[in-house]
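Where a number appears in this text, it was derived from the coordinates with a stated rule and is not lab data. Keep in mind that this is a model prediction, so the values were computed, not measured. Because the Cβ atoms are built from the backbone with ideal geometry, glycine has one as well, and the counts that use them run over all protein chains shown.
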Amino acid sequence: MTPPAYLPVGTSPRGGPVSRARLKPAIALGAATAALATPLVCAPPAAATTPYTVTALKFTVQAGTRTCTVDADLYRPAGVDAAHPAPAVLTTNGFGGSKSDGSTDATGKAFAQRGYVGLVYSGLGFGRSGCLVSLDDPRIDGKAASALVDFLAGTRAADDGTKADYVAKDAGNDPRVGMIGGSYGGAVQLATASVDHRVDALVPLITWNDLAYSLDPQNAADRDVPGAFKWQWSNGFFLMGEGQPLIVPNLDPSRINKLGCLHFVDDACETIRTLNSGRYPAERTRSLLAYARSVSPVSYLKDVKAPTLLVQGQADSLFNLNEARATYDTLRAQGTTAKMIWQSWGHSGGLTDPASGELNLGQGNLETSYVGRRILAWFDRYLRHEKGVDTGPAFAYYRDWIGDPDGTYATASAVPALSRKLYLSGDGKLVDNRRKVARGSREYRNWLVPTSHSESSLAGIIGLPDPAPYDTRGTYLDWTTDPLTGPTDVVGAPKATLKVVSPRTERVQNSGDAADKLVLFAKLYDVAPDGKKTLVHRLVAPVRVPDVTRPFTVTLPGIVHRYEKGHRIRFVIAASDDAYGGNKGVKPVTVVSAPEDTGTLELPVVTP
């Protein structure tokens with residue numbers, strides 16, 4: 001195949017400028033979008049560019065029990081040949097996208113312009129690649145990506161005979177190759193590195209640790225009990241996968257599942273059907289949770305050895321900061337080099353319009369954004385072997401209350417620990433000393449329809465307005481501090497310990513169907529002096545209470561938020577949330593407080 005001529009800076013490999021419109025996630029079925037088809041960048045500054053060629057390639061790969069074609073584009077910088085090899089960057093799309101997405105092909109372009117060989121491919125089941133959607137299963141998606149690493153190693157050719165004999169190697173058949181991509185294109189990096197240790201560096205952005213937690217979150221300590229189904233996010237992407245014939249006509253036959261769903265592997269199909277049923281029979285639920293975890297990093301991180309720079313978004317109700325924290329802690333504990341950044345934008349905000357100074361899809365500001373510079377340094381160190389490169393601190397986080405774009409990131413050697421304990425008083429106050437707790441009890445009850453709203457999960461991506469969060473009187477309880485005497489910065493995941501009384505739940509909670517257990521939603525508001533309430537990034541912590549006769553601990557989603565002087569911290573437990581599945585039947589709940597026995601809220605507070 002004859003490659004195209006060298007491309008000028010700022011031009012798409014398919015012709016025309018890379019516009020902001022091309023970088024917006026595609027809308028599928030008129031409702032769901034390719035939101036998982038996220039980062040990275042557009043054209044870098046002219047001084048940093050190198051011309052390159054783009055060659056379209058096909059690879060026939062074995063993916064699990066199926067053989068299928070992977071559709072890819074090879075980006076080769078000018079001057080790179082067998083005598084002058086260069087390291088490679090491998091990337092793929094987010095869920096519902098393809099190699100042709102503005103953000104995906106812009107990644108290959110950006111790194112080719114910086115002297116890296118780029119290989120950009122459509123993930124299995126998307127674009128013009130074959131096979132079923134298998135949720136980044138390392139046994140399927142990871143093995144398919146490993147076949148592309150073989151190509152970069154020069155040990156296999158593309159279907160048309162094209163070989164890559166110009167990728168730098170560490171030894172023998174071990175190419176210097178890194179991976180980068182967001183969301184669905186983030187988890188596949190960890191899946192690939194777990195089955196192929198030739199991968200040298202990873203940069204997963206806004207991706208998951210455990211799909212069981214992501215799609216059916218259980219924020220109580222007992223993860224063997226299912227959580228509350230995140231039905232809006234889950235069904236949006238399920239419909240996007242099932243609607244592929246509307247997006248990509250004349251699908252490869254290997255993408256058709258004749259026995260279950262149209263385009264997903266059977267286990268994924270059964271998982272979504274069970275979650276939508278609202279029933280959680282014990283044996284079936286354990287099996288589905290086991291499947292979701294088996295295709296998630298939580299199950300295979302022990303095999304990941306490649307240095308990993310995790311980038312997670314604060315505005316993200318799909319894959320919250322706790323997901324990256326869990327991956328980070330596991331990698332560090334086993335001795336894998338890992339660092340972590342909590343940037344501002346995620347699936348729930350900022351994808352197409354990042355804050356000033358943030359990595360920006362429309363501007364392509366790798367060199368001029370904090371996150372972009374960290375990514376470049378990571379690849380310089382682990383792909384180009386520039387040992388003097390500073391890859392930055394162990395942990396960094398964006399602060400939206402800092403006005404200067406150059407000073408928005410704070411750094412630390414570790415994620416802050418829980419450092420401030422507050423107590424739930426019977427009069428609705430949140431107090432800093434157990435002796436201040438008033439005796440009392442209060443009750444709420446759920447209705448048969450949702451009475452609280454945190455978000456319309458896909459609204460921001462589709463571009464629709466979303467009503468402000470609210471809770472309906474009588475269906476929630478809250479506890480509020482006095483006005484703060486100074487700014488209070490919370491960085492990390494708050495934790496609450498609770499005890500509830502619900503006789504109606506107690507009678508049915510051991511029925512064998514976890515749907516009979518009590519469901520509640522914990523969250524933190526910022527209450528301004530004028531009474532205006534802000535639910536930080538619209539995040540909530542769904543809980544299916546393991547046993548209402550025992551205390552339980554709730555880990556809330558991680559946040560980075562400043563409570564200003566004069567503001568108040570409000571902790572809420574609500575009976576429902578319209579973005580999630582809820583209670584089966586009406587289950588009244590009472591919370592009792594006394595100085596010697598009451599609930600607590602712990603916050604990771606850092607000194608301003």
Longest exposed-site-free window of the chain, the sites being GluC sites (Glu not before Pro) in a DSSP loop that have at most 16 other C-beta atoms within 10 Å: 1-366
Could you give the size of the charge dipole of the chain about its Cα centre, using +1 on the Cβ of each K and R and -1 on the Cβ of each D and E, expressed in debye and rounded to the nearest 20? 860
Rounded to the nearest 0.05, FRET efficiency between residue 367 and residue 508 (Cβ-Cβ, R0 51 Å) equals 0.30
Using only Cα atoms and rounding to the nearest 10 degrees, what angle (0 to 90) does helix 321-333 make with the longest principal axis of the chain? 70
Which one of 248, 521, 409 has its Cα pushed farthest toward the positive end of the charge dipole of the chain, where Lys and Arg give +1 and Asp and Glu give -1 at the Cβ? 521
Alpha carbon centre of the stretch 351-394 versus the stretch 429-451: separation in Å? 45
For the chain, longest principal axis from Cα atoms; helix 143-153 axis from its Cα atoms; angle between them, nearest 10 degrees, is 40
Interchain or sequence-distant (5+) residues whose placed amide H lies within less than 5 Å of the amide H of residue 133 are 264, 265
Along the stretch 120-134, what does the Karplus equation 6.51 cos²θ - 1.76 cosθ + 1.60 (θ = phi - 60°) give for ³J(HN,Hα), rounded to whole Hz, x for Gly and Pro? 10, 9, 7, x, 4, x, 10, x, 9, 8, x, 6, 7, 6, 10
0 to 90° range, to nearest 10: angle between helix 266-277 axis and the chain longest Cα axis: 30
For a quick check: with amide H placed at 1.01 Å from N, whose amide H comes under 5 Å from residue 181's, ignoring anything fewer than 5 positions away on the same chain? 203, 205
For the pair residue 497/residue 532, report the inter-label distance in nm, with labels modelled 7 Å from Cα in the Cβ direction. 3.7
Among beta bridges that DSSP assigns inside the chain, antiparallel share in %, nearest 5: 75
Calculated FRET efficiency for the pair residue 173/residue 464, C-beta based, R₀ 51 Å, to 0.05: 0.55
Positive-end residue of 322, 121, 599, charge dipole of the chain with Cβ unit charges: 599
Length gained when the stretch residue 82-residue 334 is fully extended (0.36 nm per residue, less Cα-Cα span): 87.0 nm
Final fewest-first order of 230, 143 on the 10 Å Cβ neighbour count is 143, 230
In bins 5 Å wide, starting from 0, what share of all Cα pairs of the stretch 349-438 does each bin hold, as a percent? 3, 12, 14, 15, 14, 10, 9, 7, 6, 5, 4, 1, 0
Enumerate the calculated ³J(HN,Hα) couplings along the stretch 445-450 in order (Karplus 6.51 cos²θ - 1.76 cosθ + 1.60, θ = phi - 60°), each rounded to whole Hz, writing x wherever the residue is Gly or Pro. 8, 7, 9, 7, 10, x
Along principal axes, largest first, the alpha-carbon spread of the stretch 214-294 in whole Å comes out as 46, 23, 21
Set the Förster radius R0 to 25 Å, insert the Cβ-Cβ distance between residue 276 and residue 256 as r into 1/(1 + (r/R0)^6), and round the FRET efficiency to 0.05. 0.70
Counting only other residues whose beta carbon sits under 14 Å from that of residue 188, what net charge do I get with K and R as +1, D and E as -1? -1
